[in-house]
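What follows is a short report on a single structure.
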Amino acid sequence: MGSCIVDFSQVVFSYGAAEVLHEISFKLKRGEVIGLLGPNGAGKTTTLKIIAGVLAPGRGRVSVAGFPLPEQAINVKQHIGYVPEAAVLFESLTGQEFLELSGRLHDVEEAVLQTRIENILESFDLTSNRLRRLESYSKGMRQKVLIAAALLHNPDLILLDEPLAGLDVNAGIMIKDLIAALAAEGRTIVYSSHVLDVVEKVCHRVLIIHNGHLIADGSAEHLKVKTHQSTLEEVFRKLTDSDRVDPAVAHILSGLRT
Amino acid sequence: MKAMLNRLLRRILRGPFTARLLKACGVNPVHYWLLVDLFGRLSERNEFMTQLGRSGIALKTMAWFYFVFLSAVGIILVFARLSLPFYFSIFLGITAMFLLALLISETNNSLVNPEDGLVLAHQPIDGATYTAAKLSHLVRILLYVVPALNVVPALAGLWLPGAPWFYPFLHMGAAFAVGLLMALFSCALFGWLIRFVPAPRLKTVGKWMELIVWMSFIWLPQGFRFLPRIRSSVLLAMPGWLEVLLAVLAAVVIVASVIMGLRSLSVDYMLRVSSIVHGSSSAPGRSRPPRKASTVSGWFGGQPGRAAFKFILQMMPREWHFIRQVAAFVPLLIFISIWMAQGVGVSPFSRHFSSWHVFPHIFGLMFYMICSVISYGNNYKGSWIFLLAPAGALKRFAHGVFGLLWIGFVVVPHLIAFAFLASLWGVGSTAVFIAYSLAVASFYLGLTLRLIEGVPFTRQPQVSGNYMMLPMLLAASVVIAGAVALQYFFVFRSILAVLAVTAVIGTAAWLLTRSSLRRLAEIMRFTLGLVSGESKFLYQEIIT
């Protein structure tokens, strides 16, 4: 683990009148794999978008790789790879065209770009589909294209928002191995997910956001000891009041019976 | 030959000179051309279908329409032997007005609804480069529209007394300068808006800007009436040097505003794009009492009809594309309403022409506008939900569509008109007029239901249809004028004639509506791919 790559200090963010992040602070070190957890609407995606330079914080200070945000968003974007939660793509481009666009916007040299595209498409088993338009891709194939686009320029910081959504089991395993390998090479990975056992396996450190507050920060082991729980899922349930899930399920079923 | 010329033009445009120019303006030339190519490709492949500047067919159609219309105006004015400066200023004014409306709408469409921006927001593109690439299609609009509006008037101007041989060149040069100014002004205006309006409110404010431009065209003639008075009372009282100083100051302020607007447009656009796209009112949706809704469902197709009724009622005020299209009709509606309010003292049965003779036919124009655009919406990808509807539900859904349009846009306005007019014309005359108007409006609704091309708000917006709307509206106005004349000379001569015609039109409306609803249900099934199996994309969404 090395120096700090993300400094997120006292950040407040609002959508209109609704404040969704309340003075959140954390620092991420190079080479760390960080799991970002929280219930729906907790502020995980907003946090990732702020780090990616897509949203500007209302208050507070954010810097990525030494570049302050939002002032130097362009420099930050050169250093990050981002897989957004929603698979927004240009549907009429082919997989190859989309990856070329992404790589060229990051100023990757053409010969290097083509080699990387070939390698990555082959690894993701997309070579035979590379000339088909993205509108005809399945959800999992689109997700692979988004991940490939995020990696093409060899970024220092990789932000993954639900990267396993729609992927088949083999691709999921491959992504988990890839995360570990990239981290070993010194890349920092922020991994937002609801799949807690995967987070527990691949992340060095876990941040839990609930209602816009950072309520936990530490390794999975540390959090389990601190909360006297045996799994990360139990830690999550305890810290985010998810114990109420069972009564909610009973309520839905009783509603369906009426 | 054409391909060779294109290659040459491309080489010159993308050469070192342009790159230096772009860099001087703070634009990254490599990213700029990448984005220009991307937007061009997306338009070719029908992914960008809402921008006029990227649709060759829509541009050419509109340019031909303007060409014919303005050529006729130019020739008429030449025959009227106007003075050259007056003739010149009329066409510059027309060019400025047309382009302002068009370019503000296009800028709004490009910058306030940048769905492509979501894909590109995390890429290392600066705001100046993105907005420059995004707005480059405005130049294409100028290249089509300015000549269409001015070529014949510029040549015809040579026949005016005192016109120099170089008049056509002067005319065209000035017209292009005005066009460029309007383009810069439109961009700068949105620069200011993006700077000062909170991103989630930008879509709403953008719609208002378009509406204000259209409204200003209606009130412009009123302004011209006061201009000589202002000039005589204020300007003539000033010394000449002060007048010049004020003019120079005004010019400086305008230029500075445009430059600052353009700068603020480019500074941090990419940081705001996510908030702009996802922006909406934070007000909670209103829910109507279930009792009223269940009454409606009883009349118009049960629960699927109720679903249609509520769906359209909820989407109409929220669907950005729909509101933008229909908003252009609002100034005309206000203008007609004022005209009718002024003529309220004259009953249509008085044997004099009354502005109320037009009342039933306004519904024809209104339904033409609504039904032409209601199938299209920005949320078109949500249409998969209709694929899950059981057999027969779409037929009853169509009844709900009709129910909402008929109750909301025919019955309610007629009830209001009845309450307003009964005390002025007497209950009997008003009741007959309202019954006649109801029948005519229902007939128009039955007819225009045939323009609906699918389940409301479920098709991707297309620019080509929008720009045919103005010529079609003008043609419809001519037909309506004929109908009003027939009605005035042959129908409103006796109460009995009005009652007889009401019965005939009412029956025709009922038959037509039945047939149109059958067709609407069928077209909804067809566009969803339930009949043809064309909707490959939707099926694949469900399968995966």
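The values are calculated or read from the model by the stated rules, or taken from the named source; none is laboratory data. Computed from a prediction, not measured in an experiment: that's the story for all the values here. For neighbour counting, all protein chains shown are included, and Cβ atoms are generated from backbone atoms with ideal geometry for every residue, glycine included. Accessible surface areas use protein heavy atoms only, side chains included; no ligands, DNA or RNA. Shrake-Rupley method; radii C 1.70, N 1.55, O 1.52, S 1.80 Å.
Computed from Cα atoms, the angle from the helix A:110-123 axis to the main principal axis of chain A rounds to 60 degrees.
Among the residues of A:86-97, the average count of other protein chain beta-carbon atoms within 10 Å of the residue beta-carbon is 4. Distance from the Cα centroid of segment A:64-142 to that of segment B:183-215 is 33 Å (rounded to whole angstrom). Remark: mean inter-chain Cβ contacts per residue of A:134-142 equal 2, using a 10 Å Cβ-Cβ cutoff to other protein chain atoms. For the protein assembly as shown, the dipole from Cβ point charges (+1 on Lys and Arg, -1 on Asp and Glu) about the Cα centre works out to 2180 debye, to the nearest 20. Note on chain A: dipole from Cβ charges, positive end direction compared against A:GLY218, A:GLY103, A:VAL76; the farthest Cα belongs to A:GLY218.
The relative contact order of chain B comes to 16 percent, based on Cα pairs under 8 Å that sit 6 or more residues apart. Divide the volume of the convex hull around the Cα atoms of segment B:393-453 by the residue count and you get 72 Å³ per residue. The residue among B:LEU517, B:ALA393, B:ILE338 whose Cα reaches farthest toward the positive pole of the charge dipole of segment B:291-543, with charges on the beta-carbon of Lys, Arg, Asp and Glu, is B:ALA393. For segment B:54-278, the equivalent ellipsoid derived from the alpha-carbon gyration tensor has semi-axes of 35, 24, 15 Å in decreasing order. Scaling the Cα radius of gyration of segment A:146-258 by the globular reference 2.2 N^0.38 Å produces a ratio of 1.27. Spread over its residues, the convex hull of the C-alpha atoms of segment A:23-78 is 94 Å³ per residue.
Rg/Rh for chain A (Cα atoms only, Rh after Kirkwood) is 0.99.
Amide hydrogen proximity for B:ARG45: with H placed 1.01 Å from N in the peptide plane, no residue at 5 or more positions away or on another chain lies under 5 Å.
Applying the Karplus relation 6.51 cos²θ - 1.76 cosθ + 1.60 with θ = phi - 60° to segment B:334-347 yields 3J(HN,Hα) values of 5, 4, 5, 4, 5, 4, 6, 4, 5, x, 5, x, 9, 6 Hz, where x marks Gly and Pro.
Going by accessible surface with a 1.4 Å probe and the largest first, A:GLU19, A:GLU71 read A:GLU71, A:GLU19. Kirkwood radius, the protein assembly as shown, all distinct C-alpha pairs, inverse of mean reciprocal distance: 30.5 Å. Taken along its three principal axes, the alpha carbon spread of segment B:291-543 comes to 66, 38, 29 Å, from the longest extent down to the shortest.
Where Rh denotes the Kirkwood radius from the mean inverse Cα pair distance, what is Rg over Rh for chain B? Across chain B, the Cα-based Rg/Rh ratio is 1.00. With a 10 Å cut-off around each Cβ of B:122-132, the average count of Cβ atoms from other chains is 5. Of the residues B:THR129, B:LEU211, B:ALA199, the one whose Cα sits farthest toward the positive end of the charge dipole of segment B:54-278, with +1 on the Cβ of Lys and Arg and -1 on the Cβ of Asp and Glu, is B:LEU211. Put simply, the amide H of A:ALA216, placed in the peptide plane, has neighbours under 5 Å in A:ILE208, leaving out anything fewer than 5 places away on its chain. The heavy atoms of B:LEU496 present about 130 square angstrom of accessible area, all protein chains included, probe 1.4 Å.
About its Cα centre, segment B:54-278 has a charge dipole of approximately 320 debye under the convention of +1 per Lys or Arg Cβ and -1 per Asp or Glu Cβ, with nothing else charged. For chain B, the dipole from Cβ point charges (+1 on Lys and Arg, -1 on Asp and Glu) about the Cα centre works out to 580 debye, to the nearest 20. Eigen-decomposition of the gyration tensor built on the alpha-carbon atoms of segment B:408-516 gives equivalent ellipsoid semi-axes of 30, 17, 15 angstrom, largest listed first. Hydrodynamic radius of segment B:122-181 by the Kirkwood approach over all distinct alpha-carbon pairs: 13.6 Å.
With N the number of residues in segment B:290-402, Rg(Cα) / (2.2 N^0.38 Å) evaluates to 1.38.
Excluding ligands, DNA and RNA, the accessible surface per residue across chain B is 49 Å² with a 1.4 Å probe.
Expressed to the nearest 5 percent, the antiparallel share of DSSP beta bridges inside the protein assembly as shown is 55 percent.
Relative contact order of chain A, taken over Cα pairs closer than 8 Å and 6 or more residues apart, is 24 percent. For segment A:33-59, list whatever residues lose no less than 20 Å² of accessible surface once every protein chain is in place, relative to that chain by itself, with the probe at 1.4 Å. So the qualifying set is A:LYS49, A:VAL54, A:LEU55. Given a 1.4 Å probe and the protein chains as shown, B:PHE418 ends up with an accessible area of around 70 Å². Structure remark: mean-square fluctuation, Gaussian network model of chain A, C-alpha springs under 10 Å; the largest value among A:SER138, A:SER192, A:SER63 belongs to A:SER138.
Segment B:13-89 and segment A:146-220 have Cα centres lying 47 Å from one another. Annotation: amide H-H contacts under 5 Å for A:VAL33 (H modelled 1.01 Å from N, sequence separation of 5 or more, or interchain): A:ILE189, A:HIS204, A:ARG205. Phi-derived couplings, Karplus 6.51 cos²θ - 1.76 cosθ + 1.60 at θ = phi - 60°, listed residue by residue for segment B:117-130: x, 5, 6, 9, 4, 8, 7, x, 10, 8, x, 4, 5, 5 Hz, with x used for Gly and Pro. Computed over all pairs of different Cα atoms, the Kirkwood value for the hydrodynamic radius of segment B:1-124 is 18.1 Å. Calculated FRET efficiency, B:LYS23 to B:VAL253, Cβ-Cβ distance, R0 = 30 Å: about 0.55 to the nearest 0.05.
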